[in-house]
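A short worksheet on the structure shown next.
No lab work stands behind these numbers, since they all come straight from the coordinates. The structure displayed is predicted, hence computed values, not measured ones. Glycine gets a Cβ as well: all are built from the backbone with ideal geometry, and neighbour counts include every protein chain shown.
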Amino acid sequence: CLDEEGKVHEFHSSWRDDDCNGCSCSRAGIRCCASYMTPVGYDEEKCESIFNKETCSYKVVEKNDHSEECPVHSWVG
């Protein structure tokens with residue numbers, strides 16, 4: 001399989017792309033989907049979600065103080 005970046009992948013292999021999507025190669029082609037959860041149940045007026053591309057995960061923190069994490073009640077992914 002040849003991915004969008006021009007890299008060749010063997011059949012039945014899997015990898016994570018630069019956008020944190022989990023990808024796999026089969027004879028039918030390449031399939032990619034998000035491999036991380038997105039926070040949706042938190043106080044959006046007080047807090048904001050920040051995506052870390054190195055860990056492929058979100059952290060939800062107070063807008064005025066990023067050292068304070070906010071509780072998250074729901075995640076989707």
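What is the sum of charges, Lys and Arg at +1 and Asp and Glu at -1, for the other residues whose Cβ falls under 13 Å from the Cβ of Trp15? Intermediate values should be presented prior to the final figure.
On the way: positive: Lys7, Arg16, Arg31; negative: Asp3, Glu4, Glu5, Glu10, Asp17, Asp18, Asp19.
Taking every Cβ under 13 Å from that of Trp15, the sum is -4.
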Can you give the local net charge around Cys25? Use residues other than it whose beta-carbon is closer than 10 angstrom to its beta-carbon, Lys and Arg +1, Asp and Glu -1.
0
Enumerate cysteines in the chain without a disulfide-compatible partner, where compatibility requires another Cys Cβ under 4.7 angstrom.
Cys33
Quick check: net charge around Glu5, other residues with Cβ under 12 Å of its Cβ, Lys/Arg +1 and Asp/Glu -1?
-4
Reachable lysines, given that their alpha-carbon falls under 28 Å from the alpha-carbon of Lys63 and they are not under 8 places away in the same chain:
Lys46, Lys53
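In the chain, which trypsin sites (Lys or Arg not before Pro) fall in coil by DSSP and have 13 or fewer other Cβ atoms within 10 Å? List each step's numbers first, then the result.
Details: sites: Lys7, Arg16, Arg27, Arg31, Lys46, Lys53, Lys59, Lys63; in loops: Lys7, Arg27, Lys46, Lys53, Lys63.
Answer in residue order: Lys7, Arg27, Lys46, Lys53, Lys63.
Report the full-extension gain for the segment Glu62 to Asp3: residue separation times 0.36 nm, less the Cα-Cα distance, to one decimal in nm. Please list the in-between numbers first.
Details: separation 59, 0.36 × 59 = 21.24 nm, distance 3.77 nm.
Difference between extended and current length: 17.5 nm.
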Given +1 on the Cβ of Lys and Arg, -1 on the Cβ of Asp and Glu, and no further charges, what dipole in debye does the chain carry about its Cα centre, rounded to the nearest 20?
460 debye
